[in-house]
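Before any comments, here is the structure.
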Amino acid sequence: MIRAVPQEPAAAPAPAPAPPAEGRRSGRRRDRRGSGVRERRRLETHDRIVDAAAELFAERGFDAVSVVEIAQRAGVVEKTVFNHFPVKEGLVLSADPPMRAALLHAVATRPAGESVAAAAGTFVVRAMTMLGAPEAAEGVAAMARVVRGSRTLQAREREILGEITAALAAQIRAETGADDGAVEPELTASAVTALYGRLLELARDRALAGVTGPALADELRTAGRRGLSLLQFGLAGYAKRR
């Protein structure tokens, strides 16, 4: 039987919409080792653009900053910014977040007898709990301020969540052989990504309120486990009228 409450994970990948800022920087430095001169310069330019954008967005908000201003702050021309980021929103939200590939992988590699809801939901809870890591606090709060201050980014984030939902539903449909009229793949995928979206917003709410570290991780884990229980065992017993 699948447990409604998973064991505490030893480690899990952090989701893309709110990665720890320091983790992103160290990752880029690792990528440079062994690279050629041209590639190192490209990565350095990429970093300058990202850092310049982050500074400007924090100062004035996403919608009030132009790509020209980002280029000037980074010491490059506008075309260079677009070479690295075809759309401005890409400076904040990845068009192909690692979250999508990791979620699909968790579902595809789940053990025999485990449901899609259990595998995907457990992955989401573990990943979101990682936002309680001390080094993630600044990144979560900064992302919350930037995204919530921009209707453009909020709309793009909803689009990305919809794309993840569609990708998961397609994988479920392919695995189960469900026909085109079956509603189960989309319902399951939508429930999983709804849990992800709600935990992300909870993390942002609490980070902005100054809750970080183990306290935030505990809140996310507790809320996530309640959501996971509903995913696994359904809504039949939830909110019955008395």
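A few points about this structure:
- Residue match in the range 199-208 (condition: in contact with a helix residue (DSSP H, G or I) (Cβ under 7 Å, 6 or more places away or on another chain) and closer than 16 Å to residue 120 by Cβ): yes
- Unique residue being touching a Gly at 6+ places or on another chain (Cβ under 8 Å), more than 25 Å from residue 59 (Cβ to Cβ), in a helix (DSSP H, G or I) and of a type outside the set (D, E, K, R) when the list is 162, 227, 197: 227
- Among (1) in contact with a Gly (Cβ under 7 Å, 6 or more places away or on another chain); (2) closer than 13 Å to residue 124 by Cβ - the single one residue 188 does not satisfy: (1)
- The set of residues from the range 220-242 being in contact (Cβ under 8 Å) with a residue 60 or more places away in the chain and of a type outside the set (A, V, I, L, M, F, W, C) comprises 221, 224, 225, 227, 229, 232.
- The set of residues in the range 75-93 being among the acidic types (Asp, Glu) and either in contact with a Phe, Trp or Tyr (Cβ under 8 Å, 6 or more places away or on another chain) or buried (at least 16 other Cβ atoms within 10 Å of the Cβ) (or both) consists of 89 alone.
- Selection status of residue 208, more than 16 Å from residue 107 (Cα to Cα) and not aromatic (Phe, Trp, Tyr): yes
- Extreme residue, surrounded by the fewest Cβ atoms within 10 Å (Cβ to Cβ), among residues of the range 104-114 that are assigned to a helix (DSSP H, G or I) and in contact with a helix residue (DSSP H, G or I) (Cβ under 6 Å, 6 or more places away or on another chain): 104
- Residue match in the range 117-128 (condition: in the same structural domain as residue 207 (by TED's automatic domain parsing), modelled with pLDDT of 95 or more, among the aromatic types (Phe, Trp, Tyr) and surrounded by 14 or more Cβ atoms within 10 Å (Cβ to Cβ)): yes
- Taken together, 47, 96, 51 contain a single residue that is outside any helix (DSSP H, G or I) and surrounded by fewer than 20 Cβ atoms within 10 Å (Cβ to Cβ), which is 96.
- Some residue of the range 56-66 being assigned to a helix (DSSP H, G or I), aromatic (Phe, Trp, Tyr) and touching a helix residue (DSSP H, G or I) at 6+ places or on another chain (Cβ under 8 Å): yes
- Of the residues in the range 182-194, none is over 19 Å from residue 106 (Cα atoms), touching a Phe, Trp or Tyr at 6+ places or on another chain (Cβ under 9 Å) and outside any helix (DSSP H, G or I).
- Answer from 232, 171 - the residue that is in a helix (DSSP H, G or I), within 23 Å of residue 94 (Cβ to Cβ) and of a type outside the set (Ser, Thr, Tyr): 171
- Check on residue 93, in contact with a Leu (Cβ under 8 Å, 6 or more places away or on another chain), at pLDDT below 95 and closer than 28 Å to residue 151 by Cα: yes
The values are calculated or read from the model by the stated rules, or taken from the named source; none is laboratory data. Keep in mind the model is a prediction, meaning the values are calculated, not measured. Backbone-built Cβ (ideal geometry, glycine too); neighbour counts: all protein chains shown.
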